[in-house]
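The values are calculated or read from the model by the stated rules, or taken from the named source; none is laboratory data. Since the structure is predicted, the reported quantities are computational estimates derived from the model, not experimental observations. In this analysis, Cβ positions are derived from the backbone assuming ideal geometry, glycine residues included, and neighbour counts consider all displayed protein chains.
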Amino acid sequence: MNPVYIVFGASSSIAAAYIHEIVRANEHAKIISVSRSKLETTYNADIEHFITDYSKQNLAQITDLLKSRELVPHQVVIFNGQLHYENAMPEKKLEELDESYFNSLLNSNTLTPILCLQAIAPLLNHKTPCTITALSARVGSISDNELGGWYSYRASKAALNMLFKTAAIELQRRAKQTRLVLFHPGTTDTHLSKPFQKNVPEGKLFTPEFVASQLFSLLAHPDTLTEIGKPAYIDWQGQPIKW
């Protein structure tokens, strides 16, 4: 049976590069891509795209359709995330905390990924190994926080980490060959990082293609990243990050 890949946030630059990695590695793979907008692709591959608003109800409709086809994912990657928008930027001090910005980041970086995981759960089983990955960030580490600032973004990623750690415990009972991974891509040359790239050391601003290649290579051997029931929290080199 051809492997099934599900890619959420498929319209992002890293996701597009990741889909390219999948196709390059296995032209017979079944790819389910999900995003808010139409996906433009010229790949000669089995790619089926769904447009969603990421509400629980809308994601459940996708789940029901995939379940009716008896599609069981081998790998799921959730690329959704947000750092800034319009004039809303990461906070440098307490006075800059803003309710709208905080809630927006919690929705994009925390709630949306766990709703995607919720939607995938009914498709999992005890027989088929599956790896489910979400983009986290090193700044989501509580023990690694030595600089302060970025209150909302830090909180949203720390909360995502906790949700995945909790979900891994549950999925150990429900789908005992499923592993969860939280991945820090480093600073990648995308819209998300544009306002902050001038401070990035030389050689540390990565292309989406590089990040996608690193992630794809790491996920090819999930058993080396983590054990069942305990999510990996790793950087782009595969190195563990302190919780």
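Could you list, in sequence order, all residues of segment 152-190 that are farther than 15 Å from Arg138 by Cα, crowded, with 23+ Cβ neighbours inside 10 Å and out of contact with any Leu (no Cβ under 6 Å at 6 or more places or on another chain)?
Matches in segment 152-190: Leu171, Arg179, Leu180.
Is it fair to say Lys242 is modelled with pLDDT of 95 or more, in contact with a Ser or Thr (Cβ under 8 Å, 6 or more places away or on another chain) and surrounded by fewer than 19 Cβ atoms within 10 Å (Cβ to Cβ)?
So Lys242 passes the test.
Those residues that are surrounded by fewer than 18 Cβ atoms within 10 Å (Cβ to Cβ) and either closer than 18 Å to Thr63 by Cβ or of a type in the set (A, V, I, L, M) (or both), I need them from segment 115-133; list them, please.
If the condition is that a residue be surrounded by fewer than 18 Cβ atoms within 10 Å (Cβ to Cβ) and either closer than 18 Å to Thr63 by Cβ or of a type in the set (A, V, I, L, M) (or both), then Gln118, Ala121, Pro122, Asn125, Thr128 are the ones that fit.
Does Ser13 meet the test of being of a type in the set (S, T, N, Q), at pLDDT below 95 and within 15 Å of the chain's Cα centre (by Cα)?
yes
Could you please find all residues in segment 1-58 being more than 20 Å from Leu124 (Cα to Cα), among the hydrophobic types (A, V, I, L, M, F, W, C) and surrounded by fewer than 18 Cβ atoms within 10 Å (Cβ to Cβ)?
Ala25, Ala45, Ile51
Mind checking which residues of segment 91-124 are assigned to a loop (DSSP other than H, G, I, E, B) and closer than 19 Å to Leu219 by Cα?
Leu124
Take Pro73 and decide whether it is at pLDDT 90 or above, under 20 Å from the mean Cα position of the chain (by Cα) and assigned to a loop (DSSP other than H, G, I, E, B).
When the stated conditions are applied, Pro73 passes them.
This table checks each residue for (1) of a type in the set (S, T, N, Q); (2) more than 24 Å from Arg179 (Cβ to Cβ).
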position	(1), (2)
Glu70	no, no
Gln75	yes, no
Gly81	no, no
His84	no, yes
Lys92	no, yes
Glu99	no, yes
Asn103	yes, yes
Pro113	no, no
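Those residues that are assigned to a loop (DSSP other than H, G, I, E, B) and modelled with pLDDT of 95 or more, I need them from segment 76-90; list them, please.
Listed by number, the residues that qualify are Phe79, Asn80.
Report yes if Asn161 is under 13 Å from the mean Cα position of the chain (by Cα) and outside any loop (DSSP other than H, G, I, E, B), otherwise no.
Spelling it out, Asn161 is indeed under 13 Å from the mean Cα position of the chain (by Cα) and outside any loop (DSSP other than H, G, I, E, B).
Counting only residues that are within 20 Å of Phe210 (Cβ to Cβ) and either of a type in the set (A, V, I, L, M) or not in a strand (DSSP E or B) (or both), how many does segment 3-34 have?
Counting residues in segment 3-34 that are within 20 Å of Phe210 (Cβ to Cβ) and either of a type in the set (A, V, I, L, M) or not in a strand (DSSP E or B) (or both) gives 18.
What are the residue pairs meeting all of these: first residue in segment 75-95, first residue touching a residue at least 24 places away in the same chain (Cβ under 8 Å) and acidic (Asp, Glu), second residue crowded, with 21+ Cβ neighbours inside 10 Å and not in a loop (DSSP other than H, G, I, E, B), Cβ atoms under 6 Å, and 6 or more apart or on different chains?
Here the result reads none, with nothing in segment 75-95 linked to a residue that is crowded, with 21+ Cβ neighbours inside 10 Å and not in a loop (DSSP other than H, G, I, E, B).
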